[in-house]
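*Asks:* Right, I'll just put the structure down here and ask away after.
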Amino acid sequence: DTQVTVTVPAGTGSVPVTVTTAAGTSNSVTFTYINAPAITSLTPNQGPTSGGNTVTVSGTNLSGATSVLFGTRAATITANTASQITVTAPGGAAQSVNVTVTTGAGTSNPLPYFYLMAPAVTGLSVTMGPSGGGNTVTLFGSGLALTSAVHFGSAAATNITVISDTQITVTAPAGTGTVLVTATTPGGTSTVGLGNAYYIYVAPPVISSLSPAQGSVSGGDDVLIRGSNLTYTDAVFFGIAPASFAAVSDTMVVVTSPAGAVGLVTVTVHSPGGTSNGAAFQYQP
C-alpha cells in the first residue's frame, strides 16, 4: 500500500510523476532524465604498463561519473565536470584496452587506450665523446619509436631522429664524467640497458712538451709526448702523417716518428675529446 515499482518510459528533461487509482490522481514528484555519457577523446591515449599517469577523458554528459574503467580496471577519478574527467590510470598489460565512463544514466561508448612497455637502451654507436657535446650518437634498443626525450645523465640530447623501433640518433649534449643514457616514451623511461648504455665525456687532449723535439728524416725515433687528457688517444700526427703510438697514462704518450722532410712539422694528438694543440718537431738530415 506504500510502494509501487515501475519501468521508466523514455523521455527527456524533468517531468512530473503521478500515480492514478480509482480514487483519483496523486500529487506529483519530479523525475529528471539524464542523457547517457559519451566520450570523444583521451589525452593521452597511451601510457606505461605501471599506470599512475594522468589521463583526461573528454566528452558530454560526464557529470556524476561513478566509474571510469580501463578494460576491467577502475581508474581513480580526481576531477569531474560535464565535459571532462581527470583520472589516474591503473596499471595494465602491454595491450590496447577500452576506456568507458559510467554515470547514473548508463555507460558511454568505448575509446581505445594503449599500454606500452618502457623502452630499453641496450647499446650506443659510440661510447665516448667531447665534453662540449655536439657529436651524433646512435642509440640501439627496443620500444624507441615513440621517444620524446633522451638524456645523457641529467642533460637533454637534441635532434632526436627515430629510425625504427630499435634505433634512434641524437646530438649529444655537453657533459662531464661517465653518464647513463636513457630514452623516454609514453611507456616510461629506460633504466640500465642490457648492453653498454653508458657514455664517457672526454676532455680535449693537451700537449705540453715533446722529448726529444727533433729526429731523423728517416723516422723511427721514439718521442715522449707529455700533456693531459691523453688516456683515450686514438691517433697522433706529425703534420699530416700518422704515427704509431702507445698511451702510457693520462699524461704521457710514447710515439714513433714517421719519416718526413727536413724542417718543422706540427705534432697533434687526437682523441674522442677532439684534437690537441700543436707542438713543433724538427726533422734533421
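*Asks:* So Gly134 clears everything in (1) assigned to a strand (DSSP E or B); (2) surrounded by fewer than 18 Cβ atoms within 10 Å (Cβ to Cβ) except one condition, right? Which one?
*Replies:* Exception for Gly134: condition (1).
*Asks:* Then there's this: Scan region 104-131 residue by residue and report those that are of a type outside the set (Phe, Trp, Tyr), over 28 Å from Phe152 (Cα atoms) and at pLDDT 95 or above.
*Replies:* The answer is Thr107, Ser108, Asn109, Pro110, Leu111, Pro112.
*Asks:* Pick from Gly24, Gly59: which is of a type outside the set (Ser, Thr, Tyr), surrounded by fewer than 12 Cβ atoms within 10 Å (Cβ to Cβ) and over 28 Å from Thr147 (Cβ atoms)?
*Replies:* Gly24
*Asks:* Continuing with the same structure: Within region 112-127, work out how many residues are touching a residue at least 60 places away in the same chain (Cβ under 8 Å) and surrounded by fewer than 18 Cβ atoms within 10 Å (Cβ to Cβ).
*Replies:* The total comes to 7.
*Asks:* Here's something else I'd like to know. Is one or more of the residues making up region 241-259 in contact with an Asp or Glu (Cβ under 6 Å, 6 or more places away or on another chain), modelled with pLDDT of 95 or more and crowded, with 20+ Cβ neighbours inside 10 Å?
*Replies:* yes
*Asks:* Looking at region 160-173, which of its residues are within 11 Å of Gly133 (Cβ to Cβ) and surrounded by fewer than 17 Cβ atoms within 10 Å (Cβ to Cβ)?
*Replies:* Thr171
*Asks:* Continuing with the same structure: So which of Asp222, Asp234 is surrounded by fewer than 19 Cβ atoms within 10 Å (Cβ to Cβ) and closer than 30 Å to Ile168 by Cα?
*Replies:* Criteria check complete, one pass: Asp234.
*Asks:* Return a yes/no flag: does region 96-104 have any residue that is surrounded by 17 or more Cβ atoms within 10 Å (Cβ to Cβ), in a loop (DSSP other than H, G, I, E, B), of a type outside the set (Ser, Thr, Tyr) and in contact (Cβ under 8 Å) with a residue 12 or more places away in the chain.
*Replies:* Taking every residue of region 96-104 in turn, none turns out to be surrounded by 17 or more Cβ atoms within 10 Å (Cβ to Cβ), in a loop (DSSP other than H, G, I, E, B), of a type outside the set (Ser, Thr, Tyr) and in contact (Cβ under 8 Å) with a residue 12 or more places away in the chain.
*Asks:* For region 60-72, does any single residue satisfy the condition of being within 28 Å of the chain's Cα centre (by Cα), assigned to a strand (DSSP E or B), closer than 15 Å to Leu111 by Cβ and among the β-branched types (Val, Ile, Thr)?
*Replies:* no
*Asks:* Any idea which residue in region 62-74 is surrounded by the fewest Cβ atoms within 10 Å (Cβ to Cβ), counting only those that are out of contact with any Ser or Thr (no Cβ under 6 Å at 6 or more places or on another chain) and more than 25 Å from Phe31 (Cα to Cα)?
*Replies:* My answer is Thr72.
*Asks:* Where in region 229-285 are the strands (runs of 3 or more DSSP E), entirely inside, with at least 2 residues that are within 34 Å of the chain's Cα centre (by Cα)?
*Replies:* Correct list: 263-271.
*Asks:* Checking Pro204 against (1) in contact (Cβ under 8 Å) with a residue 24 or more places away in the chain; (2) in a strand (DSSP E or B), only one condition comes out false. Which one?
*Replies:* (2)
*Asks:* Still on this structure, I have one more. Pro90: closer than 19 Å to Gly187 by Cα and surrounded by 14 or more Cβ atoms within 10 Å (Cβ to Cβ), yes or no?
*Replies:* The answer is yes for Pro90.
*Asks:* When region 64-92 is examined, which residues are found to be over 15 Å from Leu42 (Cα atoms) and in contact (Cβ under 8 Å) with a residue 40 or more places away in the chain?
*Replies:* Within region 64-92, Gly64, Gly91, Gly92 qualify.
The values are calculated or read from the model by the stated rules, or taken from the named source; none is laboratory data. All values reported here derive from a predicted model rather than from experimental measurement. Please note: Cβ atoms are built from the backbone with ideal geometry, for glycine as well, and neighbour counts cover all protein chains shown.
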